Amino acid sequence: MSKVLQGSLSNKQSDKLFGYAAKKLGSDPQTLKREFQNGRYDRAMSSLSKGDAEKLRRALADPEMTAKVLSSPQAQAIMKKLSGEK
C-alpha cells in the first residue's frame, strides 16, 4: 500500500475497507491487503470496466491524486461508514 494510503487510513479503517472489498471480490481480506501492499491490483481491477480500471490505475500511480481522492467528502464518508463512526 502506498505511503499516502497508509497515512490517510487508520489500521481499523484499512482493515474494514479490505474486509468489505474482499467480501465483494470473494477473497480473503489479508490476501487482498498483501496484494495491494505489493502493488498488485489485478483482483480489484477485474470487477471494473476497462475505463474505470484505467482511471484507478492512474490514480494509484499518482500519490497526489490518491491523496486528493482520499480526502474528498465522498471518500471520507465511506471511511466513516466502514469504521462505524457516525
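Taking residue 32, is it surrounded by 14 or more Cβ atoms within 10 Å (Cβ to Cβ) and within 19 Å of residue 72 (Cβ to Cβ)?
no
Quick check on the range 37-57: of everything there that is surrounded by fewer than 11 Cβ atoms within 10 Å (Cβ to Cβ) and part of a helix (DSSP H, G or I), which residue is modelled with the lowest pLDDT?
42
May I ask you to list the residues in the range 58-70 that are among the charged types (D, E, K, R) and either part of a helix (DSSP H, G or I) or in contact with a strand residue (DSSP E or B) (Cβ under 7 Å, 6 or more places away or on another chain) (or both)?
58, 64, 68
Being modelled with pLDDT of 75 or more and either more than 11 Å from the chain's Cα centre (by Cα) or surrounded by fewer than 16 Cβ atoms within 10 Å (Cβ to Cβ) (or both) is the filter here; which residues of the range 1-18 pass it?
The answer is 11, 12.
So, in the range 71-86, how many residues would count as being among the charged types (D, E, K, R) and outside any helix (DSSP H, G or I)?
Total meeting the criteria: 2.
Report yes if residue 50 is under 24 Å from residue 80 (Cβ atoms) and of a type in the set (D, E, K, R), otherwise no.
no
Test each condition in (1) in a helix (DSSP H, G or I); (2) modelled with pLDDT of 75 or more for residue 27 and report the one that comes out false.
Residue 27 satisfies all of (1) in a helix (DSSP H, G or I); (2) modelled with pLDDT of 75 or more except (1).
The values are calculated or read from the model by the stated rules, or taken from the named source; none is laboratory data. Computed from a predicted structure; not experimentally measured. So basically every Cβ, Gly included, is an ideal-geometry build from the backbone, and we count neighbours across all protein chains shown.
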